[in-house]
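Trainee: Please read through the structure below; I'll follow up with questions.
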Amino acid sequence: MLHKLFQLLDKIFPAKIAYAHCDIPCGIYDPHLAQLAAHTVIRMVDLINELKSPGENPAFEQRKEIMHKINRYTAVKEEHAELCKHEIRIIWGDYFKPEHLEKHPGLHELVFKIMKLGSKARQEINLQAAEELLEAVNKFSEIFWKTKGKDTVRMKAPYPTEREMVYPKV
Amino acid sequence: MLSVARFKIEDRSMEPTLKPGDYVIVNKLPYFFGKPSKGDIIVFKHPKIKNKFLVKRIIRVASNKYFVIGDNKTQSTDSRRFGPIAKDLIVGKMFIRIKK
């Protein structure tokens, strides 16, 4: 009842807004960062898999070098798999509305799949999981742009991964 | 000048504590006679955007500056982005929440 009273009071003396989000508010959503992150995960898996064994009894310096590389590639893989999940969660939770879900009933399941694949990509050196993550994120992007009334095109991305990226037709 | 002020919450960076549509009443008096403390939920002026108010929680006090963060950390722009805030930006301390 107190809330209703305050709503009535708003009509005469509007309450100031205390923002509690990105503080603009921006309304700016774009799955591009999630796609970039998925490509980065694939690139890191490729780099890890390209590392050559330093031999049976490598010198300390060789072991140090390879461990350093593995640590860095893994750290970036971790960061970008989680970033991919984070960007998808934000768009899924903040942007999509019930009317979008009616037209795209598989959306929740797709997001769940992205979350699981993102976690798997973190936990394992698994190229298949990383590629499936990118494919799921590309599908998510297609749905997103469709809800904005934009057609999309799939093209080979200009990155060393040489996998597909979804772009809106503008 | 009143010692209390009414604000309406938009968006989600303070969830689950505050949700969009909630109202908060802030009290300006505690900070006339005392200092903001860790854990206080405050409304303050945006340090970079005029005429915009934010609501966050104080997580650290250092050298008369206040580090603020949203309870919903993954959806909050706060001191991690714009640094600590000065006391003169603080409007007041939340003391009542009216749930939507």
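The values are calculated or read from the model by the stated rules, or taken from the named source; none is laboratory data. Here the structure is a predicted model, which is why all the values come from computation and not from measurement. Backbone-built Cβ (ideal geometry, glycine too); neighbour counts: all protein chains shown.
Trainee: List the number of the failed condition for B:G92; all other conditions in (1) assigned to a strand (DSSP E or B); (2) away from chain A (no Cβ under 14 Å) hold.
Mentor: The failed condition is (2).
Trainee: Being within 8 Å of chain A (Cβ to nearest Cβ) and either in a strand (DSSP E or B) or surrounded by 23 or more Cβ atoms within 10 Å (Cβ to Cβ) (or both) is the filter here, so list the residues in region B:3-17 that pass it.
Mentor: Passing the criteria: B:A5, B:R6, B:F7, B:K8, B:I9, B:E10, B:D11, B:S13, B:M14.
Trainee: Here's a follow-up. Scan (1) closer than 29 Å to B:D11 by Cα; (2) within 18 Å of the chain's Cα centre (by Cα) for the single condition A:L127 breaks and write down its number.
Mentor: (1)
Trainee: Please state which of the following conditions A:D10 fails to meet, knowing it meets all the rest: (1) under 30 Å from A:K146 (Cα atoms); (2) among the acidic types (D, E); (3) loosely packed, with under 14 Cβ neighbours inside 10 Å.
Mentor: The number of the failed condition is (1).
Trainee: Take the residues in region A:151-170 that are surrounded by fewer than 16 Cβ atoms within 10 Å (Cβ to Cβ) and in a loop (DSSP other than H, G, I, E, B); name whichever of them is modelled with the lowest pLDDT.
Mentor: The selected residue is A:V170.
Trainee: Taking region A:127-150 as the search range and keeping residues that are in contact with an Asp or Glu (Cβ under 9 Å, 6 or more places away or on another chain) and farther than 13 Å from A:A34 by Cα, which one is modelled with the highest pLDDT?
Mentor: Out of the qualifying residues, it is A:L127.
Trainee: Still on this structure: Among the residues of region A:50-62, which ones are within 26 Å of A:E78 (Cα to Cα) and either of a type in the set (A, V, I, L, M) or touching a Leu at 6+ places or on another chain (Cβ under 7 Å) (or both)? If you could, list the steps in order and put the result at the bottom.
Mentor: Filtering region A:50-62 for residues within 26 Å of A:E78 (Cα to Cα) gives A:50-54, A:61-62.
A:L51 - this is the single residue of region A:50-62 that is within 26 Å of A:E78 (Cα to Cα) and either of a type in the set (A, V, I, L, M) or touching a Leu at 6+ places or on another chain (Cβ under 7 Å) (or both).
Trainee: While we're here: Could you check region B:17-60 and list, in sequence order, the residues that are hydrophobic (A, V, I, L, M, F, W, C), over 30 Å from A:W92 (Cβ atoms) and at pLDDT below 90?
Mentor: If we filter region B:17-60 for residues that are hydrophobic (A, V, I, L, M, F, W, C), which is where we start, we get B:18, B:24-26, B:29, B:32-33, B:41-44, B:49, B:53-55, B:58-59.
The next check asks that each one be over 30 Å from A:W92 (Cβ atoms); those that pass are B:25-26, B:29, B:32-33, B:42, B:44, B:58.
The answer is B:L29, B:F32, B:F33.
Trainee: Hey, any hits in region B:65-77 for a residue that's away from chain A (no Cβ under 14 Å) and within 30 Å of A:G93 (Cβ to Cβ)? Can you show your working first?
Mentor: Kept after step one, since they are away from chain A (no Cβ under 14 Å), are these residues of region B:65-77: B:65-67.
Right, trim to within 30 Å of A:G93 (Cβ to Cβ) and you get B:66-67.
Looking through region B:65-77, at least one residue is away from chain A (no Cβ under 14 Å) and within 30 Å of A:G93 (Cβ to Cβ).
Trainee: Something else now. Considering region B:30-64 alone, what residues qualify as being part of a strand (DSSP E or B) and either away from chain A (no Cβ under 14 Å) or among the β-branched types (V, I, T) (or both)?
Mentor: Of the residues in region B:30-64, the ones part of a strand (DSSP E or B) are B:41-45, B:53-62.
Hits for region B:30-64 are B:I41, B:I42, B:V43, B:V55, B:I58, B:I59, B:R60, B:V61, B:A62.
Trainee: Let me ask something else about it. Only one of A:E109, A:E79, A:E102 is within 25 Å of A:F140 (Cβ to Cβ), among the acidic types (D, E) and surrounded by 15 or more Cβ atoms within 10 Å (Cβ to Cβ). Can you tell me which? It would help to see each step written out before you state the result.
Mentor: Numbers: A:E109 fails: surrounded by 15 or more Cβ atoms within 10 Å (Cβ to Cβ); A:E102 fails: surrounded by 15 or more Cβ atoms within 10 Å (Cβ to Cβ).
So the residue among A:E109, A:E79, A:E102 that is within 25 Å of A:F140 (Cβ to Cβ), among the acidic types (D, E) and surrounded by 15 or more Cβ atoms within 10 Å (Cβ to Cβ) is A:E79.
Table: residues versus (1) in contact (Cβ under 8 Å) with a residue 12 or more places away in the chain; (2) touching a Phe, Trp or Tyr at 6+ places or on another chain (Cβ under 8 Å); (3) hydroxyl-bearing (S, T, Y).
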| site | (1), (2), (3) |
| --- | --- |
| B:E15 | yes, no, no |
| B:V24 | yes, yes, no |
| B:N27 | yes, yes, no |
| B:F32 | no, no, no |
| B:P47 | yes, yes, no |
| B:K56 | yes, yes, no |
| B:G70 | yes, no, no |
| B:K93 | yes, yes, no |
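Trainee: If you take just the helices (runs of 4 or more DSSP H) that sit entirely in region A:1-102, which of them hold at least 2 residues that are more than 14 Å from every other protein chain (Cβ to nearest Cβ) and of a type in the set (A, V, I, L, M, F, W, C)?
Mentor: Working: elements: A:2-12, A:32-50, A:60-90.
In region A:1-102, the matching helices (runs of 4 or more DSSP H) lie at A:32-50, A:60-90.
Trainee: For region B:78-88, which residues satisfy the criterion of being more than 10 Å from every other protein chain (Cβ to nearest Cβ) and either of a type in the set (V, I, T) or surrounded by fewer than 16 Cβ atoms within 10 Å (Cβ to Cβ) (or both)? If you could, list the steps in order and put the result at the bottom.
Mentor: The initial filter retains those residues of region B:78-88 that are more than 10 Å from every other protein chain (Cβ to nearest Cβ), namely B:79-80, B:83-88.
Within region B:78-88, B:R80, B:G83, B:I85, B:A86, B:K87, B:D88 qualify.
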